[in-house]
Amino acid sequence: MTTIQKTMKGLWSLIVGLKVTGKEFCRPWITVHYPRQEVTNLDSYRGHIDLVPYPDDSNKPLCIVCRRCEETCPSGCIRIDGHLPGAESGEAARELLLISEVPLPGSKAREPIHAADKTLRVLDGFALNYNFCSLCGLCVQVCPVSSLTFSSDVYLAGASRADFEFDLLRRLRDRAKSPAKLRKAA
Amino acid sequence: MLDKPSFSLNGDYYSSRFSALGKSEGDTLVLNLGPQHPSTHGVLRVIVELDGEYVKRAEPVLGYVHRMHEKMGEVKTYVQYLPNMGRVDYLHALAWNWAYVGAVEKLMGLEVPERAEYIRVITCELNRISSHLLWWGAYVLDLGGFTPILYAFDDREMLMDILQIPTGSRLTYCYYRFGGVSADLSETFLIRTRGFIERFKTRIPMYQDLVTGNMILRGRCEDIGALPVEMARRYGATGPVLRGSGVAYDVRRFEPYSVYDKFDFDVPVGKNGDAMDRYDVRMAELTQSVRIIEQALDAIPDGPFINPDLPDRFLPPKGEVYYAVEGARGKIGVYLLSDGSARPYRLKLRAPGYSNLHVFAELAQGTILADAVSILGSLDLVIPEIDR
Amino acid sequence: MTQLLQLLTNPLVYLLVALVAILTFIALNGLILVYVERKVAGFIQRRPGPFEVGPHGLLQPLADALKLVGKQLVMPRGADRILYWAAPLLSFAPVAVCLLPIPFGPHLVGLNVNLGLLLVLAFSGLNVLALCLAGWGSNNKYALLGAARAVAQSVAYEIPLLLSVLAVAFTCRSLNFTEITASQTTRGLLSWNVFSQPLAFLIFFVSALAETNRAPFDLPEAESELTAGFHTEYSGMGFGLFFLAEYSYMIVVCAVASVLFLGGWSGPFLPGHWWMLGKIYTLILIMMWFRWTYPRVRFDQLLNVCWKWLIPLSLINLIGTALMINLVR
């Protein structure tokens, strides 16, 4: 008797299952139909990093070439070149520019970099190899002058590795030249 | 030339060793399940010896996604190792984040602000729900039901949208920092989390109707792969696998870390330790996670989200620490040995899946092939975590 | 024109025309059913299903078929050449014969024979042989396991299938599909056999699911256990034929079910063949609904259901029917 009862209960569970899928069948689909629609969660998207310019001079990055980001980056994506003002470009020894050894993200001890210090170094090149980047955001976080930000180009795509080796300084200058064009791309 | 097979019919090292070790009597068939097989979720390889449909012996072969995470810990600085933790177990990345961050905080004696602890609890539990949801869908998929995984992904997608707000990523989160988290929770996050919870409460009964109560599914899970407590202990199984066998061991309850002692939640346990019990435990944990999140959302204090007095130079003292958290798959442990330099001297990751997987070989013995697949699915394995 | 129609009175020509018509029907149906199945799966899973090829993805199955036809025929090393290629053909060929004796309308029948039911059951049994050959011939362990499952499953489920069909044959006192249909037109809807033989209908439908290897009984091709079961090694048109055969057998069993239990072509207002098609497609939709709802049963459970439930029940049903008929007489 219990076997039959159990079987009946089991068969009923099958009908309940059919009811669930039947109900879902009648409801509209929830997937985003990509080329016709776009997803709505792009505002919190984090792409590769970009340089932030001075508010009054969009050609000049805030970067002071402290090279914390270069050191912190777990994947070694970043390579920065800079020189001391007055010296020739590329002349400065890399060691001279080194400020910290192992910076801690979120560290308050950003103060030692004095305002005067900030003007001391001039950025010559900021190479980002996005191929190796794991988007951890540590570089953005260790930056003492908030010179790094995440870009928001969701549809970034490329056909070769070289397409993801960015010169961020050039990107900054391109953006300064034609803000409209880049905004469209982003 | 084509007629001559260019490969050895005895198979590679593992399968030839498997055949040599205790070949059973009679006409048996040695079958490789994986490393590319629909039910091994990634690249696990299981060698089984079949007598008809019955599994005589089974042996998992590991290492197909070994990425040297432990060795990487020795060559990277403490900070640089953070993004690795999102990639050990990509389904419950935040728990691994937490285990590592917690170990370093313990080593350094760093304080974590109250708000940061609550943020960690909320995000980690949300991540646990999404991990359990994926397991649920994948398990039913293993048992041949196609539709549930897509319903699960519906919810999971919302969770990923929510977690994307503070973390910026959708899967391999790198969110926790030593002494806090990398970004505060926004108002949008809180509103959407509450919205998700309300919706999720109506989804759980739907899941019960569609799958849990289903006669066919119960037939595939009940009395399959019963795991005795003694055996679970012998292999060091933790998490829902151990709780399914009736041991109420949950790190959140028994060695409360962070602010977990402030929340009121149950530790669901099973009775027989079969696949159905493991299933039920995980489904009950969904509800418990929702409870924890609700309490945390109500009680979250104001304050900094990261310790404001962090040292600039990050050189931890000499010493060793072990820090364990409860992941979706069990006890996640990080053992750190510091020699006082900028890099850990040794870093050991205790992956719960590794211990849980090895239960399989013994459980699968004498079962039908379809049951072996069911058992494998019920252990909730994430292969990259096992291989590390 | 009239001369051409005259030709049709020749039974051989008629048979030939019917066969061609049925093959066209099967091929068209294959395309339609693939599309319908993917749409049903999509809607149940809250997604659009095929959408890009043609309006609402209508041409998707055609594109798929072209792709399958265009693919190189590959045979694994060590496979038995003859058996390997014979299997898909053997799987597909009997379908045409199975549909021959089924009346799609009052006069729309390929071959009006007295033993139509027997003919269908006999030829649909051939499918097992094809699966067996495919599994054995392709020299693959998964395929072999799938074939073994297919044989055990089909052999077991043929018994309740036959017994339930026999009950209907008792009540209608005929094995001729046309007569069975005609016997259900006397009192409108109520004379459908599904009302006098509900148990037989259920048993038939469950057995039919198992016979056609449809979920939740799709064990021979259980992809989470056996990757793809008996057709693991098949690609291109070899796979295409198995696929087409699977859908064709769905049509066959649903057509038989609608003739035996749902009154075949009988129905008001519309011409008979629309009713017949409507009934077939309703049953097929239910089969699809099952597939996208349930997990797969285990092998021993499958056989348990058959031996412990379906066969005793169908035997009881059969004996009960026989007694009833004798009492009423």
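Every read-out reported here was derived from the displayed coordinates using simple, explicitly stated rules and does not represent laboratory data. Please read all numbers here as calculations on a predicted model, not as lab measurements. Positions of Cβ are generated from backbone atoms using ideal geometry, with glycine treated the same way; all protein chains shown enter the neighbour counts.
With the simple spin-label model, which puts each label point 7 Å out from Cα in the Cβ direction, the B:ARG291 to A:THR149 separation comes to 4.5 nm. Which pairs in the list B:LYS76/B:LYS318; B:LYS56/C:LYS141; B:LYS106/B:LYS201; A:LYS23/C:LYS308; A:LYS9/B:LYS56 are over 25 Å apart, alpha-carbon to alpha-carbon? Cα-Cα > 25 Å for B:LYS106/B:LYS201; A:LYS23/C:LYS308; A:LYS9/B:LYS56; rest within.
Between region C:158-210 and region C:65-89, the alpha-carbon centres lie 38 Å apart.
If you stretched the chain out fully between C:ILE286 and C:SER191, how much longer would it get, using 0.36 nm times the residue separation minus the C-alpha to C-alpha distance?
31.9 nm
If R0 is 25 Å, the Cβ-Cβ spacing of B:ASP309 and B:GLU74 corresponds to a FRET efficiency of close to 0.30. Among rounded, prolate and oblate, which fits region C:28-112 when a ≥ b ≥ c are the square roots of the eigenvalues of its C-alpha gyration tensor, a/c under 1.5 means rounded, and a/b larger than b/c means prolate? Cα axes put region C:28-112 in the oblate bin.
Under the membrane-span-like helix rule (DSSP H runs whose alpha carbons stretch at least 20 Å along the helix axis, mean Kyte-Doolittle hydropathy -0.5 or higher), chain C yields C:11-44, C:81-99, C:141-172, C:236-261, C:272-291, C:311-328. Per-residue mean of foreign Cβ neighbours for A:38-44 is 4 (Cβ atoms of other chains, 10 Å radius). Along its three principal directions, the equivalent ellipsoid of region B:172-289 from the Cα gyration tensor extends over semi-axes of 30, 22, 12 Å, largest first. Rounded to the nearest 0.05, the FRET efficiency derived from the C-beta distance between A:THR2 and B:ASP266 at R0 = 30 Å is 0.45. Segment B:VAL229..B:GLU114, full-extension length gain: 37.7 nm, with 0.36 nm per residue of separation and the alpha-carbon distance subtracted. Each peptide in C:71-79, B:108-116 was scored by the mean count of other Cβ atoms within 10 Å over its residues; highest first, the order is B:108-116, C:71-79. Residue by residue along B:147-154, Cβ atoms of other protein chains within 10 Å of the local Cβ number 6 on average. Across region B:153-196 the C-alpha pair distances fall into 5 Å bins from zero in the proportions 5, 23, 29, 24, 14, 4, 1 percent.
Measuring r between the beta carbons of A:ARG161 and B:TYR345 and using R0 = 30 Å, the FRET efficiency lands at 0.30.
Would you mind putting C:56-67, B:148-159 in packing order, based on average other-beta-carbon counts within 10 Å, highest first?
B:148-159, C:56-67
Along its three principal directions, the equivalent ellipsoid of the protein assembly as shown from the Cα gyration tensor extends over semi-axes of 61, 31, 27 Å, largest first.
The mean number of Cβ atoms from other chains found within 10 Å of a Cβ in peptide C:36-49 is 5, as a whole number.
Annotation for B:PHE254 and C:LEU323: the two label points, set 7 Å from Cα along the Cα-Cβ direction, are 6.1 nm apart. Kirkwood analysis of chain B, using all unique Cα-Cα pairs, places the hydrodynamic radius at 21.9 Å.
Positive end of the dipole of chain B (Cβ unit charges, origin at the Cα centre): among B:PRO308, B:HIS41, B:ALA116, the Cα lying farthest that way belongs to B:PRO308.
Summarising the label geometry, the points placed 7 Å from Cα in the beta-carbon direction at B:ASP51 and B:TYR322 lie 4.1 nm from one another. Peptide packing: for A:166-174, B:75-83, the average count of neighbouring Cβ atoms within 10 Å per residue gives the ranking B:75-83, A:166-174, highest mean first.
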